[in-house]
Structures are given as structure tokens and as C-alpha cells.
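Here's the structure, in C-alpha cells; my notes come after.
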Amino acid sequence: MRHRGAEQARLSDHAAAARWKSWGPYLSERQWGTVREDYSSDGTAWDYFSHDHARSRAYRWGEDGIAGFSDDQQRLCVSLALWNTRDPILKERLFGLTNGEGNHGEDVKELYYYLDATPTDSYLMMLYKYPQR
């Protein structure tokens, strides 16, 4: 009950509530159907580089991540990076197939659930099931 009172106090102070709401889970889990950045000379952005190359790039436009959290302008974006000690790479965004690659268009291949949150996002709970093999 103590937590409910603290959340109510944050919401009743409009200036404080505005500051609290400027931070939250504003990152998408995955930028579905969007080409991250097109540096190809002929407009073939989807084929411009491989998955192995794509996972090693830093991107300037748009942000995504597992359980991502950011300010409302996405100037500072934070999300999880996971490693199961077996895969050669860190897991930092949901794995999915895009467009014609998936069974029904775009399709994510792992399980995640949003379990709980307060209105100001001072508390968030998510369950992510990391695929092992």
C-alpha cells in the first residue's frame, strides 16, 4: 500500500508527473518493416548487408531493444543485452523475420510478456524468455 501512495503523490503533482512521464518504455522491441539505414547505391537497402554485418552496426535513426527505456525524445536509450554463453553474439533486440521471410509477413520468433506497470512508469515488469537452442 505504501507504493500506491507514492504513485498517487507523483500523479497528483502535475509538474512532477510531467517529469516522470518524460521517461518510459518508449523504444519499440523491433523496428518492424523498416530499413534501418540505406547506404546502398541502387536502393536495395534490404539486401545491402547481411545479418552478421547488421548486428555489428550502430544506427542513427530509430531505436529498438529488449525491455527498452528512454526519454520521450529518445536522446538517451537503454535496453538489455543478454548472452546465454552458447551463442556467438549478444542478444540485444527481438529476432524476427520480415516481409516475405516470415510465415505471415513479419513474425517474431521468441516469447515476451508485459506483466505490470505504474502510470508514471516508475515501476515496470516484463518477462522475456531467451531461446536456448
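The values are calculated or read from the model by the stated rules, or taken from the named source; none is laboratory data. Small disclaimer: the values here were computed from a predicted structure and weren't measured. Note: accessible area is taken over every heavy atom of the protein model, side chains too, but ligands, DNA and RNA are not part of it. Shrake-Rupley method; radii C 1.70, N 1.55, O 1.52, S 1.80 Å.
Rolled with a 1.4 Å probe across the full set of protein chains, the surface gives D116 an accessible area near 80 Å². Residues D87, D38, sorted by accessible area with the largest first, give D38, D87 [1.4 Å probe; ligands and nucleic acids excluded]. Taking each residue as 0.36 nm, the span from S28 to S122 lengthens on full extension beyond its C-alpha to C-alpha distance by 32.0 nm.
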